[in-house]
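The values are calculated or read from the model by the stated rules, or taken from the named source; none is laboratory data. Remember, it's a predicted structure, so these values are computed and weren't measured experimentally. So basically every Cβ, Gly included, is an ideal-geometry build from the backbone, and we count neighbours across all protein chains shown. Protein only, heavy atoms only, side chains kept; ligands, DNA and RNA dropped before computing areas. Shrake-Rupley method; radii C 1.70, N 1.55, O 1.52, S 1.80 Å.
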Amino acid sequence: MDSNQDTLLFRLASKSLKYFLLVLFGIAIAYVLSKGLGILQIMPILLYLLQQFLLPLGIILLCLITIAVIFESLR
């Protein structure tokens, strides 16, 4: 195995981070559009998504990235 080749764990962590940040960006766009258009009924849905799904996923993703960094530094 080449020393420049990324491990499976690192690729998984980076792809997960990419899609997690894309979801956060999409929620930010939905928030700005709903605020600008005056559609405030979407706010409770966005807050529910952030609290119930994205916060635990963010914590799990942070742990996964930490494990990948530690594993790569030991390699």
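In order along segment 63-71, the Karplus-derived 3J(HN,Hα) couplings, from 6.51 cos²θ - 1.76 cosθ + 1.60 at θ = phi - 60°, round to 5, 5, 5, 4, 5, 5, 5, 5, 5 Hz, and Gly and Pro are given as x.
Accessible area per residue for the chain, computed on protein heavy atoms with a 1.4 Å probe, is 80 Å². What shape does segment 31-75 have by the C-alpha gyration tensor, where a ≥ b ≥ c are the square roots of the eigenvalues, rounded means a/c under 1.5, and otherwise prolate means a/b greater than b/c and oblate the rest? The shape class here is prolate. Can you compute the label reach from residue 42? Point 7 Å from Cα along the Cβ direction, backbone N cut-off under 17 Å, restricted to segment 12-28. The answer is 22-28, whose backbone nitrogens lie closer than 17 Å to the label point.
Adding -39500 (n - 2.57) for every DSSP H run of four residues or longer, then dividing by how many residues the chain holds, sets the calculated 222 nm ellipticity at -26000 deg cm²/dmol. Counting only protein heavy atoms and a probe of 1.4 Å, the accessible surface of the chain is 74% carbon and sulfur. In sequence order, segment 28-34 has phi-based couplings of 5, 5, 4, 5, 5, 5, 5 Hz under the Karplus curve 6.51 cos²θ - 1.76 cosθ + 1.60, θ = phi - 60°, and Gly or Pro positions carry x.
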